[in-house]
Amino acid sequence: MTTPQHPIGSGFGARSTTADVLRGIDLTGKLAVVTGGYSGLGLETTRALAGAGAHVVVPARRPETAEKELAGIGGVEVDALDLGDLDSVRAFAERFLASDRAVDVLIGSAAVMACPETRVGPGWEAQFAVNHLGHYALVNRLWPALARGRGRVVSVSSRGHHNSPVRWDDVHFEHGYDKWQAYGQAKTANALFALHLDRLGREQGVRAFSLHPGGILTPLQRYLAREEMVAAGWIDEDGNQLNPAFKTPEQGAATQVWAATSPQLDGMGGVYCEDCDIAAPAAEGDTTHGVRDYAADPEQAARLWAYSAELTGVDAFA
């Protein structure tokens with residue numbers, strides 16, 4: 001079986017930064033929407049895109065906090081958006097569409113990871129709802145602006161997708177909750193979403209990508225006890241980073257910025273990336289590199305799209 005999942009020799013790697021991948025790229029006149037664009041990798045992404053000339057819209061669950069974190073970065077606007085509330089997603093999209101602007105880049109960087117069992121909306125498991133369903137609804141509601149921009153949608157997945165495929169028999173963990181399996185399912189959903197969106201959108205010039213940014217200590221770890229991170233070898237007892245494979249935020253944001261802007265990806269889409277290149281299929285037994293077959297399966301992607309449309313009541317392609 002042939003697959004587009006193979007590295008293209010981008011010339012970049014795990015230690016490449018946002019500055020490296022944007023060198024020589026002028027984003028003047030482009031508009032980017034970056035969810036979670038005021039914290040962690042999202043903040044570095046916003047800073048990098050704005051620094052290259054883009055106007056960046058940052059939808060934020062905490063707009064006041066976003067304004068403070070983004071102070072001093074020019075070319076940025078903040079609006080309210082809670083990805084766990086589909087009414088909030090709809091309201092944001094309606095406000096944006098009323099401005100009659102095109103979207104050249106949309107990066108779904110907002111996420112929750114390994115949180116305690118939490119329910120949102122009509123009882124949906126929160127990691128699946130926020131990380132996947134909220135972004136699914138946002139992209140579908142913004143579709144007129146995305147189609148006008150003929151741009152790119154970047155869905156931030158994770159190597160956490162190795163933890164679980166979509167659990168079709170119990171997507172919302174109604175029969176026992178496991179925080180890491182729930183996170184894995186949500187990250188698999190992020191990859192499958194990009195795969196099917198690319199198939200649907202390419203005729204209108206919109207391409208989609210997913211990616212693993214790398215291991216980085218950011219506010220994403222807010223739900224993890226220090227003891228858990230010490231046991232994993234991420235930090236020492238004093239909170240100092242131990243894992244030499246971990247990236248800086250500038251390195252961690254590089255892959256999503258590369259996927260969003262690189263001319264090396266022109267005419268391509270629907271692939272999972274890592275370390276600023278297209279990833280290879282995961283080798284048997286390797287849970288740290290590459291993409292698992294179930295996260296790159298077009299049939300699984302189509303099934304997830306239909307399920308997401310049923311849950312959210314939104315499908316721009318129906």
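Being of a type outside the set (V, I, T) and surrounded by 24 or more Cβ atoms within 10 Å (Cβ to Cβ) is the filter here; which residues of the range 40-59 pass it?
Once the filter is applied, which keeps residues that are of a type outside the set (V, I, T) and surrounded by 24 or more Cβ atoms within 10 Å (Cβ to Cβ), the range 40-59 yields L41, G42, E44, A48, L49, A54, P59.
All but one of (1) without any contact (Cβ under 8 Å) to a residue 60 or more places away in the chain; (2) in contact with a Ser or Thr (Cβ under 7 Å, 6 or more places away or on another chain); (3) among the β-branched types (V, I, T) hold for T35; state the number of the condition that does not hold.
Going through the list (1) without any contact (Cβ under 8 Å) to a residue 60 or more places away in the chain; (2) in contact with a Ser or Thr (Cβ under 7 Å, 6 or more places away or on another chain); (3) among the β-branched types (V, I, T), T35 breaks only (1).
Against the definition (modelled with pLDDT under 95, farther than 17 Å from A208 by Cβ, out of contact with any strand residue (DSSP E or B) (no Cβ under 6 Å at 6 or more places or on another chain) and hydrophobic (A, V, I, L, M, F, W, C)), how does A283 come out, yes or no?
yes
Return yes or no: is A283 touching a Gly at 6+ places or on another chain (Cβ under 8 Å) and part of a loop (DSSP other than H, G, I, E, B)?
yes
For the range 50-73, which residues satisfy the criterion of being among the β-branched types (V, I, T) and farther than 24 Å from A19 by Cβ?
T65 - this is the single residue of the range 50-73 that is among the β-branched types (V, I, T) and farther than 24 Å from A19 by Cβ.
Quick check: anything in the range 12-19 surrounded by fewer than 21 Cβ atoms within 10 Å (Cβ to Cβ) and either free of Cβ contacts under 8 Å to residues at least 60 places away in the same chain or farther than 23 Å from T255 by Cα (or both)?
no
Which of the residues that make up the range 298-308 are farther than 16 Å from D169 by Cα and without any contact (Cβ under 8 Å) to a residue 60 or more places away in the chain?
Answer for the range 298-308, where residues must be farther than 16 Å from D169 by Cα and without any contact (Cβ under 8 Å) to a residue 60 or more places away in the chain: just E299.
Given the structure, is E299 of a type in the set (D, E, K, R), crowded, with 21+ Cβ neighbours inside 10 Å and either at negative phi or modelled with pLDDT of 95 or more (or both)?
It is false that E299 is of a type in the set (D, E, K, R), crowded, with 21+ Cβ neighbours inside 10 Å and either at negative phi or modelled with pLDDT of 95 or more (or both).
Applying the selection to the range 289-318, what residues are under 15 Å from P165 (Cα atoms), of a type outside the set (D, E, K, R) and in a helix (DSSP H, G or I)?
Across the range 289-318, the qualifying residues are Y294, A295, P298, Q300, A301, A302, L304, W305, Y307.
Sort through V139, V103 and tell me the only one that's under 23 Å from M268 (Cβ atoms), in contact with a Leu (Cβ under 6 Å, 6 or more places away or on another chain), at pLDDT 95 or above and among the aliphatic types (A, V, I, L, M).
The conditions single out V103.
Which condition number does P4 fail, the rest of (1) in contact with a strand residue (DSSP E or B) (Cβ under 6 Å, 6 or more places away or on another chain); (2) modelled with pLDDT of 95 or more being met?
So the condition that P4 fails would be (2).
Name every residue in the range 151-175 that is among the small types (G, A, S), part of a helix (DSSP H, G or I) and modelled with pLDDT of 95 or more, in order of residue number.
Those that are among the small types (G, A, S), part of a helix (DSSP H, G or I) and modelled with pLDDT of 95 or more: none in the range 151-175.
When you go through (1) modelled with pLDDT under 95; (2) closer than 26 Å to L200 by Cβ; (3) of a type in the set (S, T, Y) one by one for T312, which number turns out not to apply?
(1)
If a residue has to be farther than 25 Å from D198 by Cα and of a type in the set (A, V, I, L, M, F, W, C) to count, how many in the range 99-125 make the cut?
5
Can you tell me how many residues within the range 19-55 are in a strand (DSSP E or B) and within 16 Å of V154 (Cα to Cα)?
Qualifying residue count for the region: 5.
Only one of V120, V78 is buried (at least 16 other Cβ atoms within 10 Å of the Cβ) and out of contact with any strand residue (DSSP E or B) (no Cβ under 9 Å at 6 or more places or on another chain); which?
One residue alone meets the criteria, V120.
The values are calculated or read from the model by the stated rules, or taken from the named source; none is laboratory data. What you see is a predicted model; the values in this text were computed from it and never measured. Cβ atoms come from the backbone with ideal geometry, glycine included; neighbour counts cover every protein chain shown.
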